[in-house]
Amino acid sequence: MKIGFLGVGTIASCMIEGFCDLGDEHQFFLSPRNTQKSAALAERYGNVTVCDSNQHVVDQCEVVFISMLATNCLDVLRGLNFRASQRIINVVATIPPEDIIDAVGQTKSFSHVIPLPAIKHRIGPIAAYPESDFLANLLMPMGTIVFAKSMDEIRAMQAITGLMSAFYDMLHHLTIFAEAEGLGRKESTSFISTFFASLCHNVNDADFAELAAEMTPGGLNELAQRTLAEAGALKAWADVMGPVMERIKRA
Ligand SMILES: NC(=O)c1ccc[n+]([C@@H]2O[C@H](COP(=O)([O-])OP(=O)(O)OC[C@H]3O[C@@H](n4cnc5c(N)ncnc54)[C@H](OP(=O)(O)O)[C@@H]3O)[C@@H](O)[C@H]2O)c1
């Protein structure tokens, strides 16, 4: 399939690397911006071509990802001629779908997708709306697709992605603790990262509350959970979703 990217920054680069490391099933046509990132991807992968304009990307492709910043995105899209036979996939998190559809005009399909940088390694969640066989087939090898039934559901998943920095910061504090106890930085990082990754391995549709309750009575986990709950530290993660959702809805 011929796939275009309008905007080649952090997230588009991760997607292109994820796709290309899988093989050369698709051909990719990239906007010239960002010049360095597009050129580096074209140099690395034989199935990646840098186009000389955004219109050239649109003209070449059956599927076009919109992956630039929101700032002037709608103006850029209004200046391009899309075809009714094309499929558009928007990854710009903060522009309502109706505004993008209005800017690109009638196309074969329009989807809203939230990828995350780990898509580069073809792991992690990909929030997508609406559900379609086309998106399922395209993105299945790239991670775990979670289809939303509405844009409100997409926004809820988007809000949860706002916890990345807080999560890493929490791990950083644990690293400081481990180092103070004499563990090296490398060992701390290795242990902490694989420990937390393993907690969600094969969880599938398990009930998190039930998993939380699976602890030795009077044991270390009970002590840590009770202490954190009393400090409000556990509920604080969900409480912060309120202001994050407000910000998303205001955008
Ligand atoms: N980063 C993430 O984890 C993530 C996850 C999900 C969704 N998103 C969404 O993805 C979008 C891009 O995010 P990002 O983090 O990848 O940002 P980014 O690294 O700043 O990438 C944006 C890219 O768009 C290019 N660009 C600017 N104006 C353009 C134009 N007129 N035509 C074509 N390309 C143009 C920029 O080129 P220059 O460098 O030359 O300005 C830059 O390479 C955002 O809307 C964001 O909401 C990001």
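Each reported figure results from applying straightforward, stated rules to the coordinates on display, with no laboratory input. Please read these numbers as outputs of a predicted model, since none were measured by experiment. Virtual Cβ from ideal backbone geometry, glycine too; neighbours counted across all protein chains shown.
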Approximate spin-label separation residue 234-residue 25, in nm, with each point projected 7 Å along Cα-to-Cβ: 4.1
Identify which of 32, 115, 217 has the largest mean-square fluctuation in a Gaussian network model of the chain, with springs joining Cα atoms closer than 10 Å. 217
For region 164-251, what are Rg and Dmax over the alpha carbons, in angstrom? 15.7, 47
Loop-resident sites, region 18-67, for GluC sites (Glu not before Pro), counting at most 15 other Cβ within 10 Å (DSSP): 25, 62
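With charges only on Cβ, +1 for K and R and -1 for D and E, what is the dipole size of the chain about its Cα centre, in debye, rounded to 20? Could you put the intermediate results ahead of the total?
Values: 19 positive and 28 negative charges, 135 e Å.
Using only the charged Cβ atoms, the result is roughly 660 debye.
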Using only Cα atoms and rounding to the nearest 10 degrees, what angle (0 to 90) does helix 220-230 make with the longest principal axis of the chain? 70
In a Gaussian network model over the chain where Cα atoms closer than 10 Å are linked, find which of 181, 222, 153 has the largest mean-square fluctuation. 181
Testing the spin-label approximation: label points 7 Å from Cα along Cα→Cβ at residue 59 and residue 78. State their distance in nm. 2.3
Can you run phi through the Karplus equation (6.51, -1.76, 1.60; θ = phi - 60°) for region 155-165 and list ³J(HN,Hα) in whole Hz, with x for Gly and Pro? 5, 5, 5, 4, 4, 5, 5, x, 8, 4, 5
Placed amide H near residue 65: partners under 5 Å, 5+ positions off or other chain: 4, 5, 6, 89
Most fluctuating residue of 109, 190, 31 in a GNM of the chain with Cα springs under 10 Å: which is it? 190
By what distance, in whole Å, do the Cα atoms of region 2-160 stretch along each of the three principal axes, largest value first? 39, 34, 27
Label-point separation, residue 177 to residue 10 (7 Å along Cα→Cβ), nm: 2.7
Roughly how tilted is helix 35-44, in degrees to the nearest 10 and between 0 and 90, from the longest Cα axis of the chain? 90
Listing 114, 16 by rising number of other beta-carbon atoms within 10 angstrom, fewest first, gives 114, 16
Helix 185-199: inclination vs the chain longest Cα principal axis, degrees, rounded to 10, gives 80
